[in-house]
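The values are calculated or read from the model by the stated rules, or taken from the named source; none is laboratory data. Please read all numbers here as calculations on a predicted model, not as lab measurements. Backbone-built Cβ (ideal geometry, glycine too); neighbour counts: all protein chains shown.
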Amino acid sequence: MKKLFTVCVSLMLFFIAGSFINLSAQVSPQGIAPDFTLSDTEGVTFTLSDLKGKTVLLSFGASWCPFCVEEVPVLIKIQENNKDKNFQLLAINLDSSINKAKKFKEKQRLNYPLLFDADNKVTNAYSVRGIPANFVVDEYGQVYSFGPDIESAQKQLNELIKQNKKINKSNKK
């Protein structure tokens, strides 16, 4: 009986682990990213479709979200490592006021645009149900969702930037 229980538990753990491995190993695009126009905390307007040809990381969060705050150093590093590449990081802030978003940007010393989604239209367009939520948009406008998993988003981002770099080099020949 004890042996049967051990075998059943082992099989169950194997299948559970296998499903996570498959999810992270093969990420498929979920269609064309919903277009939007938002202003950042400085009043600069960003339109997603204007960034076609770039790899874009969209990161939804808020200053009151401890997991979002915890993610900030990773986002700063992503921005720093990719600033000279065909890349744009856009953080989309869900705070209740733009003043809170501005204070958050200053306090965290963000090195990337912090957009303010006042009416939650962009948040709803991306079906964000919890934060942090991360999406990578490739150079063709295809969107990949990663939920709160910034590490998986970062891996996909790096792969897409490499692919985009190869495409840009071959187009220049």
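Within segment 132-173, which residues are modelled with pLDDT of 85 or more and either in a loop (DSSP other than H, G, I, E, B) or on the phi > 0 side of the Ramachandran plot (or both)? Pro132, Asp138, Glu139, Tyr140, Gly141, listed by residue number.
When segment 19-40 is filtered for residues that are at pLDDT below 95 and either among the acidic types (Asp, Glu) or over 15 Å from Tyr140 (Cα atoms) (or both), the ones remaining, listed by number, are Ser19, Phe20, Ile21, Asn22, Leu23, Ser24, Ala25, Gln26, Val27. Within segment 67-101, which residues are assigned to a helix (DSSP H, G or I), of a type in the set (A, V, I, L, M) and in contact (Cβ under 8 Å) with a residue 40 or more places away in the chain? Those that are assigned to a helix (DSSP H, G or I), of a type in the set (A, V, I, L, M) and in contact (Cβ under 8 Å) with a residue 40 or more places away in the chain: Val74, Leu75, Ile78, Ile98, Ala101. Condition test on Leu75, is it closer than 19 Å to Thr47 by Cβ and among the aliphatic types (A, V, I, L, M)? No; evaluated as a whole, the condition is false for this residue. So in segment 42-76, with the set limited to residues that are at pLDDT 95 or above and among the polar types (S, T, N, Q), which one is nearest to the chain's Cα centre (by Cα)? Of everything passing the filter in segment 42-76, Ser59 is nearest to the chain's Cα centre (by Cα).
Here Ile16 meets each of (1) at pLDDT below 95; (2) surrounded by 18 or more Cβ atoms within 10 Å (Cβ to Cβ) with one exception, condition (2).
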